[in-house]
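Every read-out reported here was derived from the displayed coordinates using simple, explicitly stated rules and does not represent laboratory data. The shown structure was predicted, so the numbers you read here are calculated from the model rather than taken from an experiment. Cβ placement follows ideal geometry from the backbone for every residue including glycine, while neighbour counts extend to all protein chains displayed.
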Amino acid sequence: MAWIYLIVAGLFEIGWPVGLKLSQTPGRLLLGVVIAIVCMTASGTFLWLAQKTITIGTAYAIWTGIGAIGTFMVGIICYGDSTHALRLVSAGLIVAGIIGLKLTHEPG
């Protein structure tokens, strides 16, 4: 169950920077800030639950990695961020790190 909590935490971690970006849209300040705060709270709560079983270093690195890659993809899909090859390769290295941490995780 801890890994599910960690994945959910990572998905909520995507929501808060997206909420902050949305808050920069005219007329969406309050909505964006509310989304960011709700996502921050949910993300932290699910990370806390995951860390009851998963070691802190593994949980934190995977949590931030899911958030980073998810936000990276939202930027490309929704905001037209660059898809330069070096950016994609660099993001792929983050994904490889997440996978490596999961595969080598030892319960703590």
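Quick look at the numbers
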quantity: Among ALA59, ALA85, ALA42, residue whose mean-square fluctuation peaks in a GNM of the chain (springs only between Cα atoms under 10 Å); calculated: ALA85
quantity: 222 nm mean residue ellipticity, helices alone, for the chain (DSSP H n ≥ 4; -39,500 (n - 2.57); rounded to 500); calculated: -27500 deg cm²/dmol
quantity: Among SER90, GLY57, HIS105 the positive-end extreme of the charge dipole of the chain (Cβ point charges); calculated: SER90
quantity: Cβ-placed point charges (K, R +1; D, E -1), dipole of the chain about Cα centre in debye, nearest 20; calculated: 120
quantity: R0 of 30 Å, Cβ-Cβ distance LEU29-ARG87: FRET efficiency to nearest 0.05; calculated: 0.55
quantity: Residue among ILE62, ILE98, ILE14 with the largest mean-square fluctuation in a Gaussian network model of the chain, springs linking Cα atoms under 10 Å; calculated: ILE98
quantity: √(5λ) per eigenvalue of the Cα gyration tensor, the chain, largest first, Å; calculated: 26, 20, 7
